[in-house]
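Some notes on the structure that comes next.
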Amino acid sequence: MQILDGKLVAQAVKNELKLKTDTLKAQGKKTPHLAAVLVGNNGASETYVASKVKTCAEIGYHSTLIRFEATVDEQVLLQKIQELNDDDDIDGILVQLPLPKQISEEKVINTISAQKDVDGFHPANIGKMIQGQPAYIPATPYGILLLLEHYKIETKGKHAVVIGRSNIVGRPISILLSQNTATGNCTVTLCHSHTRNLKEICLQADIIVAALGKPEFLTADMVKDGVVVIDVGITRVEDKTKKKGYAIKGDVQYDTVAPKCSYITPVPGGVGAMTIAALMQNTYLAATQKQ
Ligand code: GUN
């Protein structure tokens, strides 16, 4: 069993981006600039956005954090996004999800300029991605592909089972794994809350992407020997023995599943680390494609 070390691969991606950003600066070109919008004070969202802003600084990007109260009016938020679209210094825009109930995520995503949509959530980017055209690929699926590529994991002809059909992870990774690319050519089964015989389907999988957001859902009896397991879960579970009062749990029961795997991602230190590296890659692309 080999651990897919997301922290290590993410660091390699970030080191390379730092070198390329240093070169941009030395050539007098524009420094990439990411705008992050955070609405409310959801604990997990605060952590993710803080981590994104910190990573920008490590690579040498500029970043701007824009915060709104949870009660913000939708129009006010949409107007701010429009301002960011019109601001030539801003290369990439991300609005951290989820958003409070009074705000339509669909309207927010549709308002972000597709050229600055480094999360890859805009319908124009999703549409291009599906057709295999150049597009911003959502950060978590992109991070998973970078991990598969780094460890030279063969995907061609493999049966990949994706559990979870979210727009952010499950659906896009199911499409990417099925495409005719170096990290694709899988036969993909996309499972969700209405799937029958989930265990039997998982037992046929060569690769499992667990992205349903249920802590320790995938257990050893659901996987065959030699499987590759990608755990996308990052749920906070109350744990009074921890200083913060919670532990981070993946969607995979790691201790029992890992011994059966050829490769597995740990939580933390697996997919989560890669998500930020992939976002940084998209931000570099956004800044340099404009020039
Ligand atoms: N919430 C959970 N994952 C993501 C992500 O990749 N981007 C944004 N903007 N919000 C998220």
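Read-outs throughout are calculated quantities, based only on the coordinates presented, and are distinct from any laboratory measurement. Quantities reported herein were computed from a predicted structural model and do not represent experimental measurements. All Cβ positions, glycine included, derive from the backbone under ideal geometry; neighbour counts span all protein chains shown.
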#### Entry: Dipole magnitude (debye, nearest 20) for the chain, charges at Cβ of Lys, Arg, Asp, Glu
380 debye
#### Entry: H159 versus E200: modelled label distance in nm, points set 7 Å from Cα along the beta carbon direction
1.1 nm
### Residue among P259, P134, P32 with the largest mean-square fluctuation in a Gaussian network model of the chain, springs linking Cα atoms under 10 Å
P134
### Query
Where is the GNM fluctuation largest for the chain (alpha-carbon springs, 10 angstrom cutoff): A182, A211, A35?
A182
### Task
Mind ranking 97-108, 169-180 by how tightly packed they are, going by the mean number of other C-beta atoms within 10 angstrom, highest first?
169-180, 97-108
## Note on the structure
Candidates K116, K244, K152; GNM for the chain (alpha-carbon contacts under 10 Å) flags as most fluctuating K244
### Query
Taking every pair of alpha-carbon atoms in the range 33-155, what share in percent sits in each 5 Å bin, from 0 to the bin with the longest distance?
2, 10, 19, 22, 21, 14, 8, 3, 1, 0
### Summary
Rounded to whole angstroms and listed largest first, the alpha-carbon spread of the range 48-108 along its three principal axes comes to 35, 25, 18
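For the chain, what number results from the quotient of the Cα radius of gyration and 2.2 N^0.38 Å?
Output field value: 1.00.
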#### Entry: Reciprocal of mean inverse Cα separation for the range 1-60 (Kirkwood radius, Å)
13.5 Å
#### Entry: Rg and Dmax of the range 224-291, Cα atoms only, in Å
16.3, 51
### Task
Per DSSP H run of n ≥ 4, the term is -39500 (n - 2.57); total these for the chain, divide by its residue number, and report the mean residue ellipticity at 222 nm rounded to 500 deg cm²/dmol.
-12500 deg cm²/dmol
### Task
State whether the range 161-291 is rounded, prolate or oblate according to the following rule on the C-alpha gyration tensor (a ≥ b ≥ c being the square roots of its eigenvalues): a/c under 1.5 gives rounded; otherwise a/b larger than b/c gives prolate, and the remaining case gives oblate.
oblate
### Query
Alpha carbon centre of the range 254-291 versus the range 177-202: separation in Å?
19 Å
### Query
Given the range 120-163 reduced to its alpha-carbon atoms as identical point scatterers, what log10 I(q)/I(0) does the Debye formula return at q = 0.34 Å⁻¹?
-1.06
#### Entry: Intensity falloff of the range 1-105 expressed as log10 I(q)/I(0), Debye formula with alpha-carbon point scatterers, at q = 0.09, 0.12, 0.18 Å⁻¹
-0.30, -0.51, -0.94
### Message
Largest first, please: the extent of the C-alpha atoms of the range 93-232 along each principal axis, to the nearest Å.
### Response
45, 34, 23
